[in-house]
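Report on the following structure.
Every number in this text was worked out from the coordinates using simple rules, so none of it is lab data. It should be emphasised that the depicted structure is a prediction, and the values quoted were computed from it without experimental measurement. All Cβ positions, glycine included, derive from the backbone under ideal geometry; neighbour counts span all protein chains shown.
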Amino acid sequence: PDTTQPTVPTGLAASNITTSSVVLTWNASTDDVAVTAYEVFRDGVSIGTTGSLTFTASGLAPATTYSFTVAAKDAANNTSAQSTALPVTTLAGTPDTTPPSVPTGLSASNITSSTATVSWNASTDDTGVSGYEVFQDGVSLGFTTFLSMSVVDLLPSTTYTFTVTAFDAANNTSAPSAGLQVTTAAASGGGASELFFSEYVEGSSNNKALEIANFTGAAVDLSVYTIQKQVNGANAWGGSYSFTTPTLADGSVLVVVNSSSLNPTLLGLADEIKGGAPLDFNGNDPVGLFKNGVLIDIIGTFNGGSTNFSIDETMRRKPTIASPNTTFDKVAEWDVFPSDTFGDLGTHTIVTMSTIDFSQEGFKMYPNPVSSGLVFIQSNQKMDKLTIYSISGQVIKEIKTPVTNQPISLNNLPKGVYLAKITFEGNKSVTRKIVIN
């Protein structure tokens, strides 16, 4: 296998500097096979990948200094060290006070007795839209950079009203969209409407595995299901795999493992073993579950390009997710564990979590925006952890067992908009937008 890293990119330079963006260029790296992409970092945080020798960094704050670096990657995902840092100071200018346009075209799909997927059209903004906030009956469900969100913990045969707002890097927020009324299906079966991916292992070397789960309330004929992958997030689906197990019992899971794995623990958990595609996937290869040739569930984003959505990690579907989803939402639907974590492979549980009305539970995060580098969380519920995400969903910082009304340091975070997810005892959580000034 190819284990040689590309050379470190050199000659990093900046041009076309404005109040909110900069164009970065650099010299080509070399590799024993070929360089396939470059990953760009701002203040140590990945902000995107490109196949060219130029990248436009946008969503910047005026009169602010940022540090940019670039790393080169090859087809085997060998990654060079990051380049020498380039400091760039944006131009001073009039503060951005223009909100994005109001999201339009709200629609619902994948409606079950307890879940639904809400989608909308993209908003526009003079400096760029940073993300969207989704509301259910006026209560915030959280934030996303995608044009859809999977909603869970709904009640059967119940009508809900959903609205969406858009926000930019300056925290300007649009007016709410027109309300979309969605009525859930009646309760039936075991709580899930269809098979879905419940675990994904993209471990070291050839330690690859997929787990599918059946909580439909009845045994399912697997002859009409296949797994396929899209190589490097481009071109057509391929490498179709048909299960050898004829049926999957209700409440059961099925684990398929790459036959090239040398890990006896992983191989011992396999119900089926498959060599080659699609079980030879890498972290930038979307994997799809198909029924009668129609995609019903996906890990990764189809045509998402060569950027890794998961690498050297195990992803386990959250227990509140009981339905497949053709839009991949890593933050909302998946829990992430270190490389070669197999402890729960071969078993899965779905639950219906109770809903907390945080407005009535003494919950508050302050100050927001954060100017001093310190934030406080007030809560009557015991907190397990605080996780800070970039708007693109990358974990930036995690703090275990924060204490109510005690200072939490965010001093090392660059200026910008982030998502703060507070997880409570019982696996309940709430996500809030937080601005660092």
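Remarks
- Here the stretch 364-436 yields Rg over Rh of 0.92, to two decimals, using C-alpha coordinates and the Kirkwood radius.
- Global geometry of the chain, whether rounded, prolate or oblate, following the gyration tensor of its Cα atoms and the 1.5 cut on a/c: oblate
- Based on alpha carbons, the Rg and Dmax found for the stretch 195-276 are 13.2, 37 Å.
- Put a dot 7 Å past the Cα of A122, heading toward its Cβ, do the same for T145, and the two dots end up 1.3 nm apart.
- Segment S15-I273, length gained on full extension (0.36 nm per residue, minus Cα span): 87.7 nm
- A234-K385 pseudo-label distance in nm [points 7 Å out on the Cα-to-Cβ vector]: 3.5 nm
- Residue-averaged 222 nm ellipticity for the chain, from DSSP H runs of 4+ at -39500 (n - 2.57), nearest 500: -500 deg cm²/dmol
- Links that overshoot a 29 Å alpha carbon limit, given the list K229/K385; K330/K415; K73/K229; K208/K382: K229/K385; K208/K382
- Proximal aspartates and glutamates to K274, defined as alpha-carbon separation beneath 16 angstrom and excluding residues fewer than eight positions away on the same chain: E202, E211
- Every pair of different Cα atoms in the stretch 125-257 enters the Kirkwood calculation, which places the hydrodynamic radius at 18.5 Å.
- When the Cα gyration tensor is reduced to axis lengths a ≥ b ≥ c, the ratio a/c is 1.5 or higher for the stretch 10-89, and with a/b above b/c it is classed as prolate.
- Net lengthening on full extension, T247/T56 (0.36 nm per residue, minus Cα-Cα): 63.7 nm
- Note on the chain: with a GNM built from Cα contacts shorter than 10 Å, the maximum mean-square fluctuation among G275, G233, G305 falls on G275.
- Backbone geometry of the stretch 241-248 corresponds, through the Karplus equation with coefficients 6.51, -1.76 and 1.60 at θ = phi - 60°, to 3J(HN,Hα) couplings of 10, 9, 5, 8, 6, x, 9, 10 Hz, x marking Gly and Pro.
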